Amino acid sequence: MLYQPIGASKPIRVQGAFLSDDEVERVVEFTISQQKAQYQEEMMVKEEKDGKTEVDDELYNEAVELVTNMQSASVSLLQRRFRIGYTRAARLIDAMEDNGIV
């Protein structure tokens, strides 16, 4: 196998070992059996108890008001009215869906 490290002008020849799927599975099972997983609780995503999503966007309330008044919701509508990008508008629509508004 040829490998070209970053910054090298020529690739170098390296050799790797072949592992079958069974061997990989046995190694993984052995590793898992050695110690129970230790999770950092502060890194875990906390789910809302009432199923509602908390939104950090300052346009969220205005977007909800617009959608409620127009009785229509779309990503492109939010993009045009608030002059925002697709990602932000889609995130607002997703939050409204999670909160049962749309």
note = Of the candidates 58, 54, the one satisfying the condition of being touching a helix residue (DSSP H, G or I) at 6+ places or on another chain (Cβ under 9 Å), surrounded by fewer than 11 Cβ atoms within 10 Å (Cβ to Cβ) and not in a helix (DSSP H, G or I) is 54
query = Can residue 23 be described as of a type in the set (Asp, Glu) and either exposed (fewer than 10 other Cβ atoms within 10 Å of the Cβ) or within 22 Å of the chain's Cα centre (by Cα) (or both)?
reply = no
Tally, over the stretch 76-101, of residues that are under 11 Å from residue 66 (Cβ atoms) and within 21 Å of the chain's Cα centre (by Cα) = 2
key: Boolean, residue 37 is exposed (fewer than 10 other Cβ atoms within 10 Å of the Cβ), farther than 30 Å from residue 102 by Cα, under 26 Å from the mean Cα position of the chain (by Cα) and of a type in the set (A, V, I, L, M, F, W, C)   = yes
note = Counted residues in the stretch 85-102 being in a loop (DSSP other than H, G, I, E, B) and touching a helix residue (DSSP H, G or I) at 6+ places or on another chain (Cβ under 9 Å) come to 4
ask   = Which condition number in (1) of a type outside the set (A, V, I, L, M); (2) in a loop (DSSP other than H, G, I, E, B); (3) free of Cβ contacts under 8 Å to residues at least 12 places away in the same chain is the one that residue 16 fails?
value = (3)
key: Within the stretch 66-89, tally of residues that are hydrophobic (A, V, I, L, M, F, W, C) and loosely packed, with under 14 Cβ neighbours inside 10 Å   = 1
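A short reminder: the numbers here are calculations on the coordinates, not readings from a lab. As the structure is a prediction and not an experimental result, all values here were calculated from the model. Counting neighbours? That spans all protein chains shown, and the Cβs are built from the backbone with ideal geometry, glycine included.
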